[in-house]
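What follows is a single structure, written as structure tokens, with notes after it.
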Amino acid sequence: AQSVTQLDSHVSVSEGTPVLLRCNYSSSYSPSLFWYVQHPNKGLQLLLKYTSAATLVKGINGFEAEFKKSETSFHLTKPSAHMSDAAEYFCVVTRGTGGFKTIFGAGTRLFVKA
Amino acid sequence: DTEVTQTPKHLVMGMTNKKSLKCEQHMGHRAMYWYKQKAKKPPELMFVYSYEKLSINESVPSRFSPECPNSSLLNLHLHALQPEDSALYLCASSEATIRFYEQYFGPGTRLTVT
């Protein structure tokens, strides 16, 4: 069975400091993993994805994530937070084998202080 | 063009009304999705269309009726809704229902049932 756990419901950082949003997954099949961002009252935008190629994935707006199979983790990082990064972030896993399935984590709200 | 459009942006309807939500994409994607998102929650998958055929129905009540008239359009027909159906309804599309394809989301329709 597939599941996604975002370890923090809220993360607060100061502008210019690093961001770490944590995501653990479980999957019986080879998963694809995604991070999406949602600003208030908006749709979701893809930040980056892992699909079994390079384990370090670079995305938009300076975000990156590392797939660690041994730790079943896919944490999202950014070296320096910007005020515009304040939003809700979702870690998502999809599988194709055994039937298509998309599973969302509960989300992490990122606050950025000036 | 990587845009998914949704109309209307906002909709207020009574419990006896019939209304429809519309979604459109011109990326040539063959998979389209409807999600329901309640406040401070992740999106919940409702329906998936693959090559204009309904492939996944996540046990959604029959007062929600999806329709895919062609490969670019997706409708969600609403009838006899309940106040608890008030939510943000998101449409998404992807190249296909294969695990490594990311989904592109529209901005959503904010539905209020009175």
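Coordinate-derived values only; no laboratory data. Being a predicted model, the structure only gives us computed values, none of them experimental. Because the Cβ atoms are built from the backbone with ideal geometry, glycine has one as well, and the counts that use them run over all protein chains shown.
Sparsely packed loop sites in segment A:7-75 (the trypsin sites (Lys or Arg not before Pro) outside DSSP H, G, I, E and B with at most 14 other Cβ atoms within 10 Å) comprise A:69. From largest to smallest, the equivalent ellipsoid semi-axes obtained for chain A from the alpha-carbon gyration tensor read 24, 14, 12 Å.
With R₀ set to 25 Å, the beta-carbon distance separating residue A:3 from residue B:30 gives a calculated FRET efficiency near 0.35. Projected onto their three principal axes, the Cα atoms of chain B cover extents of 38, 24, 22 Å, largest first.
Extents of segment B:45-84, taken as max minus min of Cα coordinates on every principal axis and listed largest first, are 32, 17, 13 Å.
Separation of the alpha carbons by more than 31 angstrom is noted, of A:49/B:41; A:113/B:40; A:58/B:53; A:68/B:53, for A:58/B:53; A:68/B:53. A Stokes-Einstein calculation at 20 °C with viscosity 1.002 mPa s, built on the Kirkwood radius of segment A:32-79 over Cα pairs, returns a diffusion coefficient of 190 µm²/s.
Considering all C-alpha pairs of segment B:57-109, those separated by over 17 Å amount to 49%. The trypsin sites (Lys or Arg not before Pro) of segment B:1-82 meeting both criteria, a DSSP state outside H, G, I, E and B (loop) and at most 11 other C-beta atoms within 10 angstrom of the site's C-beta, are B:9, B:40. Here the mean projected area of the convex hull built on the C-alpha positions of segment B:1-62 is 5.6 nm². Where does the Debye-calculated log10 I(q)/I(0) of the protein assembly as shown sit at q = 0.07, 0.08, 0.10, 0.18 Å⁻¹, using only Cα point scatterers of equal weight, no solvent? Debye intensities relative to I(0), on a log10 scale: -0.22, -0.29, -0.46, -1.34.
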